[in-house]
């Protein structure tokens, strides 16, 4: 009996295709091989190269004292006077180094610099993974004109998959409601294909990478 509708014809072809078993045309595909080639450089060098490619500003520090010294120079050069920080560890370093900062909710709208930590640094992408599980919360990564990230060498990972594995292990069954990857300062070229920095977030982004000899911070 001839099929009366196009739908029935299509369904018959689908059934016939499911019944017919064909040999795999690509039997030698290696699905376990890594997607990317192996990084040629060390993780810190690879991250610095990729991060600066996307207009990020990278500063390497041998220890936390050097972090404070370099931060003081940066503050002086840019005349920053409204620095905001909610992370207690960073607050302690800033206080011991004589760097003034604000942390009150009433001062939030007036800030021009926010200092946070991060979850991980993704070397291949030059990206910074942050989450709402950190002391700085959601807003401090996107609101200020300048976002400064204090990170440690032990937080470097090769790829995004490694960062996701680590963050899952860190928080177990209580994953943060927001996990985000930041790649350089905010930018857009939607309007007349002209690149505009700081369109949807910070115009400047700095990463201070501190050597910690694989001691988790």
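At an R0 of 45 angstrom, the distance between the Cβ atoms of residue 154 and residue 21 translates into a FRET efficiency of 0.30. Net length available on complete extension from residue 49 to residue 5 is 9.8 nm, with 0.36 nm assigned per residue and the Cα-Cα distance removed. The spread of Cα positions in the chain, taken along each principal axis and listed from longest to shortest, comes to 89, 39, 38 Å.
How far is it, in nm, from the label point at residue 177 to the one at residue 31 when both lie 7 Å from their Cα along the line to the Cβ? According to this spin-label approximation, the distance is 3.7 nm. Remark: spin-label model distance residue 66-residue 39 equals 1.8 nm, labels positioned 7 Å along the Cα→Cβ axis. In the elastic network of the chain, a GNM with C-alpha springs shorter than 10 Å, the most mobile of 138, 13, 124 is 13. Take the Cα of residue 103, step 7 Å toward its Cβ, do the same at residue 91, and the gap between the two points is 0.2 nm. Per-residue ellipticity at 222 nm, computed for the chain from helices alone with -39500 (n - 2.57) per DSSP H run of at least four residues, works out to -9000 deg cm²/dmol. The slack in the chain from residue 132 to residue 78, taken as 0.36 nm per residue of separation less the alpha-carbon distance, amounts to 16.6 nm. Considering only 123, 100, 151, the mean-square fluctuation computed in a Gaussian network model of the chain, springs between alpha carbons under 10 angstrom, is largest for 100.
Bridges between two residues of the chain, per DSSP, are antiparallel at a rate of about 30%.
Quick note: the coordinates plus some simple rules give every number you see, no bench work behind them. Worth saying up front: this structure is predicted, and the values here are computed from it rather than measured. Positions of Cβ are backbone-derived with ideal geometry, glycine not excepted, and every protein chain shown enters the neighbour counts.
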